[in-house]
Amino acid sequence: MSRPPRPTPTGREIIWGDEEIIVSKTDLKGIILYANQTFLRIARYAEHEVLGQPHNIIRHPDMPKCVFKLLWDTLEAGNEIFAYVKNMAKDGDHYWVFAHVTPTYGPNGRIIGYHSNRRNPERKQVELFEGIYAKLLAEEKRHSDWREGMASAGRMLQAMVAEHHMDYPEFIFSV
């Protein structure tokens, strides 16, 4: 299945309900195996357009790569992670989520995929992370090699969290 073209960000935010939960499941490589109706409605995709596609089909270009590096490293180590994420719908509009991503284990105890539940974050959290992510993204773009930029921004994120004398999970729940 070919990947649909990336939309151009519009700058328009999709507002969605506090009672709603976006759910998706992926395989080990992040290929979407399941998306609930809330995911499809908010991201403005039909089910056949997302199944079999990489989950990063909804990645917004304002999101720093280092956040996803942290997410994947945490999941591959067998741990859950919570994160604030700006996603992009099929038409280029965006929406913010507070994501809880967990590994899915098979009968042999090995990770076979990932499960994500996303809720609508509070406005103060969105505003805080817009600022944090803008700084991290600027650091990533400052480097000619994207890997160096991602690593440098990752160190910057670690330093931001350390300033609060917390680890990443504590920081996420303190805001």
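Somewhere in region 111-125, is a residue touching a Lys or Arg at 6+ places or on another chain (Cβ under 9 Å), surrounded by 12 or more Cβ atoms within 10 Å (Cβ to Cβ) and aliphatic (A, V, I, L, M)? No, region 111-125 has no match at all. Do we find that residue 49 is in contact (Cβ under 8 Å) with a residue 24 or more places away in the chain and closer than 29 Å to residue 157 by Cα in this structure? Spelling it out, it is not the case that residue 49 is in contact (Cβ under 8 Å) with a residue 24 or more places away in the chain and closer than 29 Å to residue 157 by Cα. Of all residues in region 1-49, those satisfying the criterion of being within 21 Å of residue 130 (Cβ to Cβ) and of a type in the set (Ser, Thr, Tyr) are 8, 10. Residues in region 75-92 that are crowded, with 19+ Cβ neighbours inside 10 Å and out of contact with any helix residue (DSSP H, G or I) (no Cβ under 8 Å at 6 or more places or on another chain): 75 only. The residues of region 39-52 that are surrounded by fewer than 17 Cβ atoms within 10 Å (Cβ to Cβ) and not aliphatic (A, V, I, L, M), listed by number, are 41, 47, 48, 52. The residue pairs whose first member lies in region 78-93 and is in contact (Cβ under 8 Å) with a residue 12 or more places away in the chain and at positive phi, whose second member is surrounded by fewer than 20 Cβ atoms within 10 Å (Cβ to Cβ) and among the small types (Gly, Ala, Ser), and whose beta carbons are closer than 8 Å, counting only pairs six or more residues apart or on different chains, do not exist in this structure. Determine whether residue 117 is more than 30 Å from residue 16 (Cβ to Cβ) and not in a helix (DSSP H, G or I). Considered against the rule, which asks whether it is more than 30 Å from residue 16 (Cβ to Cβ) and not in a helix (DSSP H, G or I), residue 117 comes out as no.
Is it the case that residue 108 is free of Cβ contacts under 8 Å to residues at least 40 places away in the same chain, in a loop (DSSP other than H, G, I, E, B) and either of a type outside the set (A, V, I, L, M) or under 30 Å from residue 149 (Cβ atoms) (or both)? Yes.
Set side by side, the residues 130, 140, 148 differ, and just one is in contact with a Lys or Arg (Cβ under 7 Å, 6 or more places away or on another chain) and either over 18 Å from residue 70 (Cα atoms) or outside any loop (DSSP other than H, G, I, E, B) (or both), which is 140. Just one of the listed residues (101, 97) is in contact with a strand residue (DSSP E or B) (Cβ under 8 Å, 6 or more places away or on another chain), closer than 16 Å to residue 69 by Cα and either part of a helix (DSSP H, G or I) or at pLDDT 95 or above (or both), and it is 101. Residue check: is residue 160 in a loop (DSSP other than H, G, I, E, B) and either crowded, with 16+ Cβ neighbours inside 10 Å or among the aliphatic types (A, V, I, L, M) (or both)? Judged against the criteria, residue 160 is not a match.
The values are calculated or read from the model by the stated rules, or taken from the named source; none is laboratory data. Predicted model, so just to flag it, every value in this text is computed and none were measured. In this analysis, Cβ positions are derived from the backbone assuming ideal geometry, glycine residues included, and neighbour counts consider all displayed protein chains.
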